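**Student:** Below are the structure tokens for one structure; questions will follow.
The values are calculated or read from the model by the stated rules, or taken from the named source; none is laboratory data. Please read these numbers as outputs of a predicted model, since none were measured by experiment. Note that we place each Cβ from the backbone using ideal geometry, even for glycine, and neighbour counts take in every protein chain shown.
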Amino acid sequence: MVLENFEIGIIGAGDMGMLYARRFKQAGYAVNICDTPDRYSELQAKYAHLGLNILPDGYAVSRRSDFIIYSVPAVNIGRIVEEYGRATKMGAIVAGQTSVKTPEIQAFEKYLPDDVHIVTCHSMHGPNIDTKGQPLAIIRYRSDDKHYKMAVEALSALESRVIYLTYEEHDRITADTQAATHLS
């Protein structure tokens, strides 16, 4: 089910941002997306045929979107949330798509308004793999029940296998997985 009059915003039009944008658009959502301002014209030319609302920057995405997903490199999350977080629409839901949640949560706590709901996520696969059936961590950090359910419903458009975690559990699991990968 698509939430009516519910716009999804994606800040970061890299591979994962575009994967999410396509999936949400296919599900019937209005999708607002941006990347760095210098890529605005390039994105318009490259993705106009997808029916996405390609916007010039994170301010434009943040002001109009009901659910905002920061799909940016983990190393940049603090700087980007600092820049665009204050423009977040009142009552919006905010998520990040970084692989390490502690710095993301710290940035959200520091730079987002108090009236914003934080329900973050992490698709635990790469951008060249379809989201359908793949693991998706959903992390409720700061949200009332209504907005949490809205976030979960919107994320269901990815058709992923959902795992509900705290951000601390998520980071412990990803650290253990990375350690095991490097040791083998």
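**Student:** Of these, ILE105, ILE68, ILE77, which one is hydrophobic (A, V, I, L, M, F, W, C) and either closer than 25 Å to VAL2 by Cβ or without any contact (Cβ under 8 Å) to a residue 24 or more places away in the chain (or both)? Before the answer, list the steps.
**Tutor:** Details: ILE105 fails: either closer than 25 Å to VAL2 by Cβ or without any contact (Cβ under 8 Å) to a residue 24 or more places away in the chain (or both); ILE77 fails: either closer than 25 Å to VAL2 by Cβ or without any contact (Cβ under 8 Å) to a residue 24 or more places away in the chain (or both).
Just one listed residue meets the conditions, ILE68.
Per-residue answers, yes or no, for (1) surrounded by fewer than 16 Cβ atoms within 10 Å (Cβ to Cβ); (2) among the aliphatic types (A, V, I, L, M); (3) not in a loop (DSSP other than H, G, I, E, B):
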position: ALA45; (1), (2), (3): yes, yes, yes
position: SER62; (1), (2), (3): no, no, yes
position: GLU104; (1), (2), (3): no, no, yes
position: PHE108; (1), (2), (3): no, no, yes
position: THR120; (1), (2), (3): no, no, yes
position: GLY126; (1), (2), (3): yes, no, no
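**Student:** For SER71, state whether it is under 19 Å from ARG23 (Cβ atoms), buried (at least 24 other Cβ atoms within 10 Å of the Cβ), of a type outside the set (D, E, K, R) and in contact with a Phe, Trp or Tyr (Cβ under 8 Å, 6 or more places away or on another chain).
**Tutor:** Numbers: under 19 Å from ARG23 (Cβ atoms): yes; buried (at least 24 other Cβ atoms within 10 Å of the Cβ): yes; of a type outside the set (D, E, K, R): yes; in contact with a Phe, Trp or Tyr (Cβ under 8 Å, 6 or more places away or on another chain): yes.
When the stated conditions are applied, SER71 passes them.
**Student:** Can you give me the number of residues within region 95-125 that are over 13 Å from the mean Cα position of the chain (by Cα) and closer than 19 Å to GLN26 by Cβ?
**Tutor:** 1
**Student:** It is to be established whether one or more residues within region 22-33 are crowded, with 20+ Cβ neighbours inside 10 Å, part of a helix (DSSP H, G or I), modelled with pLDDT of 95 or more and within 12 Å of the chain's Cα centre (by Cα).
**Tutor:** Yes: region 22-33 contains one or more residues that are crowded, with 20+ Cβ neighbours inside 10 Å, part of a helix (DSSP H, G or I), modelled with pLDDT of 95 or more and within 12 Å of the chain's Cα centre (by Cα).
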